[in-house]
Every structure is written in structure tokens, then in C-alpha cells.
Amino acid sequence: MKKTLTWLVVLAILGGLGAAVACRAYLNSQDEAGSRPKGPAAIAIEAVLPEHTSIQDRRTFTGALRSWSIFEVAPKVGGRLEAIHFDVGDSISGGSVIAKIEDIEYKQSVDQSQADLEVAKAQMRQAEVMLDLRRREYERYKALDEKKATTQALLESAETAFHAQEATYNMQRAEVKRREAILDNALLKLGDCVITADWPSGARPRFVGSRVVDQGALLSPNQPILTVAELDPLRAVIYVIERYYPYVKAGQEAQLTTDAYPESRFKGKVARIAQLLEDNTRQAEIQLEIPNPDLKLKPGMFVRVQLEFSSKENAVVVPRNAIVKREGRQGVFVIDTADATAHFVPVELGIASGNRVEITSPELDRPVATLGNHLLTDGVPVIVPKQFRPAAPEADKAAESEPAAAEAPERK
């Protein structure tokens, strides 16, 4: 019983001491709160120093790749397709024989035209001999007429025969020319039975995009048999809106990326600029020349084309999220690290690239807020990030270290 009472007394004493300590701590905290000046709470922010670096105004446009040239191969003459030497995906060098049309009928036509030409030449020679005979007769009658040894009727008859034979000779000479033209046409058709690649043999090869007929097919003139495309270089086609149209120049360099090769960048340059904008889209067509020596790129691929419109060295650059608007003006909040306040400074913007933007004026040399700046007003207190806080004086550091040293033995 006595032990129980003793423990109760001890607990009561300890409880009283705890209450007294708690009361004293509360009174001290109230005194400190009353002694501090009242004002707005400091706002936590993140900040960076403006950076002096280069910046480029680059814009990305989407488009598609096309063949530099593409055409259909078709025979000029009709007939049975005797042979075709290329299929889809094959490369064709200049001067190669692509296909052959059966030429039996065309050879016969050449033989017949040659025979007709020989007949026409023989008839022309005959007419020439008769013309010479009629000329001599006419001249003889003219001489007799001068001597009054013939009649006027015979002279006129000789003259008429001479002019008639002269016309016959001219007609036969024209017939020879006509037969020569027929023979040339027959030879041309015979040559057209062999379809060849008519670009220079030293030029880059071209490739078969599609094949629409097979060997043995009966073809009519100008019926396509193959589609041939030139793949080096390629043509990239993009469309630029009115806002960016003035910045695109012929010869301007570009960089391309594709979904097929996301890690690769391909180079090109602006080759052609349309001189009109479409009424319904207000866009202009821009064509770029893309070297493709390794043939990795193919017509029809989707591409993203990046054009650089302007660049600047040693520009003052800040993150884009540092820019805020206050009362219709764009600006940044500059951090005064001495008194831990933020001040709104209107700025003029220059080149914007990605998440960075150039400040053209004024010159900034103090940290600017990048996070929490939407909560700031001019002159509001802020919690300065550690990397921008002024270094503490040596005396203050020593004063802070003394209590810590004094407390260390007590803990022991």
C-alpha cells in the first residue's frame, strides 16, 4: 500500500513539472511572435541565372518524300511482248535494254519499203532519160523554126511534150522522197521494238517502282509496262504558312528526320519555292533536294524538315517558363538576393527556340524566377534558393557553432 502511494506521489510531481515546462514554452513562443514584424509570407521559388549563349530560330515542318523523277516506260509500237528484263526493285543503268517487242512484221515492212524505194528510183531514172530526150527534141525544133524549116504546130507539140515530161520527172523525184520517208519510218518502228534506257550510261541508275505486264502480253502503242523512278537525289515536299514564307530562301540548308530512322539526321537544301499560296490553306509548296547516296530514304516516307530562319551568338537566354505577363506586359521576376524579394522587370523578346527564349532588352545579370513566378507580385518576399543566398559572415558562422559545441557535452 505504501509503495503504491509513493508511486502516485512521484507521478503527480512529474506531471506538474511537465505542465510547468509546457506552459513556459508556450509563453516564450507568444513573446517571440509578438516581437516579430508582421508582413506577407515568403513564397518558395526556383530561379536560374540568365545564360549567355547562342540561340537559333528553328522551325519544323512535316511533309513527304518523292522521287526526283518518275515516269512510265511504254513501247511506241504495238505487238507481242517478246522479252522483259527487269522487275520491281531492280536497278536500271543507262543504255540497258528494258524490253523487246516481237519485230517480224516490222522487218517485213522495212523490206517492202526498201523495194518500193528501189522501184521509185528506177522510175525517176526513166523519167530523167525521157526528159533529156524531150529537151533535145524541143531544142531541135526551135533551131528548125529559126531557119523556117518546120511548122509552128510541130514546135508547140515538142514544147508541150518537153514540159509534160519535166512534170513527170519532178513527180517521180517526189515519189522517191516519199518512199525514203516511208522507209525511215519503217526503220524507226523496227528500232522501237527494242525499248532501252535512254539516259546516259554514266548517270546514276534508276529503279523499277512497278511492273504492270508480263512476257507474252499483247501490247498497244504507249501502253505502260514499267514505272521507273530516280532515287538519288530525292525531293521532299513541305507546305509553309504565310507567317514563315518570307524566311524561306532558295539554297537554304535543312535537316530531316524520319520515323524509319529516328536516330539519323539527313541533310538537304531548298530547291524550289512556289510563287503563290493556296487560297484554301494559305500555304506555299516548298521543294527540297535531299541527297540519298546510300538509298536509305524512299519515296512516300513521312519526314520532318527543320529549317533555321535566324541565329544569334552570345545572346541573353532564359527558360521560356520564366516569362510571365503582368498588366498586359511580358517580363520576368528578378530576384534581389540581398533582401530576398522579387521585382517584375518588363522585357523584349527575341528568338524563341524550344524551351528557351532570348531577352533583347534590358540586360539581365541577376537570377530570374522560373517556378512559382505565377504567384509573385512586384516586391513580394521570396525564399531565395540556396545557390543564390549570400555567404554568411565568419562571425555569424562562429556564433552558430559555439552553442552547438556547448550542447555537445551536455548530451554526453
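The values are calculated or read from the model by the stated rules, or taken from the named source; none is laboratory data. Everything numeric here is computed off the predicted structure, so don't read it as measured data. No Cβ is skipped: glycine too gets one built from the backbone with ideal geometry, and neighbour counts run over all protein chains shown.
Applying the criterion of at least 3 residues that are not polar (S, T, N, Q) to the strands (runs of 3 or more DSSP E) found wholly in segment 174-274 leaves 206-211, 226-241, 253-258, 266-273.
If you filter segment 136-153 down to residues that are in contact with a helix residue (DSSP H, G or I) (Cβ under 6 Å, 6 or more places away or on another chain) and part of a helix (DSSP H, G or I), you find that the one that is modelled with the lowest pLDDT is Asp145. Of note, Asn321 satisfies the criterion of being assigned by TED's automatic domain parsing to the domain that holds Ala47, out of contact with any His (no Cβ under 6 Å at 6 or more places or on another chain) and outside any strand (DSSP E or B).
With the condition kept exactly as written, say whether any residue in segment 298-305 is among the basic types (Lys, Arg), assigned by TED's automatic domain parsing to the domain that holds Thr258 and assigned to a strand (DSSP E or B). Yes: segment 298-305 contains one or more residues that are among the basic types (Lys, Arg), assigned by TED's automatic domain parsing to the domain that holds Thr258 and assigned to a strand (DSSP E or B). Within segment 192-202, the set of residues being surrounded by fewer than 19 Cβ atoms within 10 Å (Cβ to Cβ) and touching a strand residue (DSSP E or B) at 6+ places or on another chain (Cβ under 9 Å) comprises Asp192, Val194, Thr196, Trp199.
If you go through segment 216-248 and pick out every residue that is free of Cβ contacts under 8 Å to residues at least 12 places away in the same chain and basic (Lys, Arg), you end up with 1. Annotation: Val332 fulfils all but one of (1) in a strand (DSSP E or B); (2) under 22 Å from the mean Cα position of the chain (by Cα); (3) farther than 15 Å from Arg59 by Cα; (4) in contact (Cβ under 8 Å) with a residue 24 or more places away in the chain; the unmet one is (2).
All of Arg24, Arg66, Arg36, Arg58 fail the test of being under 30 Å from Gly268 (Cα atoms) and at pLDDT below 90, apart from Arg58.
Screening Val382 on (1) in contact with a Gly (Cβ under 9 Å, 6 or more places away or on another chain); (2) in a loop (DSSP other than H, G, I, E, B) shows it passes everything except condition (2). Being farther than 26 Å from Ile70 by Cβ, in contact (Cβ under 8 Å) with a residue 60 or more places away in the chain and surrounded by fewer than 15 Cβ atoms within 10 Å (Cβ to Cβ) is true of Asn314.
To keep it simple, each residue is scored yes or no on (1) within 47 Å of the chain's Cα centre (by Cα); (2) within 30 Å of Phe309 (Cα to Cα); (3) at pLDDT 90 or above.
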site	(1), (2), (3)
Ala342	yes, no, yes
Ile351	yes, yes, no
Gly354	yes, yes, no
Val357	yes, yes, yes
Val380	no, no, yes
Ile383	no, no, yes
Glu394	no, no, no
Ala406	no, no, no
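Conditions tested, residue by residue: (1) without any contact (Cβ under 8 Å) to a residue 24 or more places away in the chain; (2) surrounded by 12 or more Cβ atoms within 10 Å (Cβ to Cβ); (3) farther than 17 Å from Arg173 by Cα.
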| residue | (1), (2), (3) |
| --- | --- |
| Ala120 | no, yes, no |
| Arg135 | no, yes, yes |
| Asp145 | yes, yes, yes |
| Lys148 | yes, no, yes |
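The residues of segment 340-369 that are part of a strand (DSSP E or B) and among the β-branched types (Val, Ile, Thr), listed by number, are Thr341, Val345, Ile351, Val357, Ile359, Thr360, Val368.
When Phe309 is tested against the conditions (1) assigned to a loop (DSSP other than H, G, I, E, B); (2) under 30 Å from Arg235 (Cβ atoms); (3) of a type outside the set (A, V, I, L, M), the lone failure is (1). In segment 282-300, the residue that is surrounded by the fewest Cβ atoms within 10 Å (Cβ to Cβ) out of those that are closer than 15 Å to Gly63 by Cα and more than 11 Å from the chain's Cα centre (by Cα) is Gly300. Identify, please: which residue in segment 249-280 is in contact (Cβ under 8 Å) with a residue 40 or more places away in the chain and of a type in the set (Ser, Thr, Tyr) and is, among those, farthest from Gln56 (Cα to Cα)? The qualifying residue farthest from Gln56 (Cα to Cα) is Thr258. Screening the candidates Gln114, Gln152 for the property of being polar (S, T, N, Q), more than 30 Å from Gly209 (Cα to Cα) and surrounded by fewer than 14 Cβ atoms within 10 Å (Cβ to Cβ) yields one hit, Gln152.
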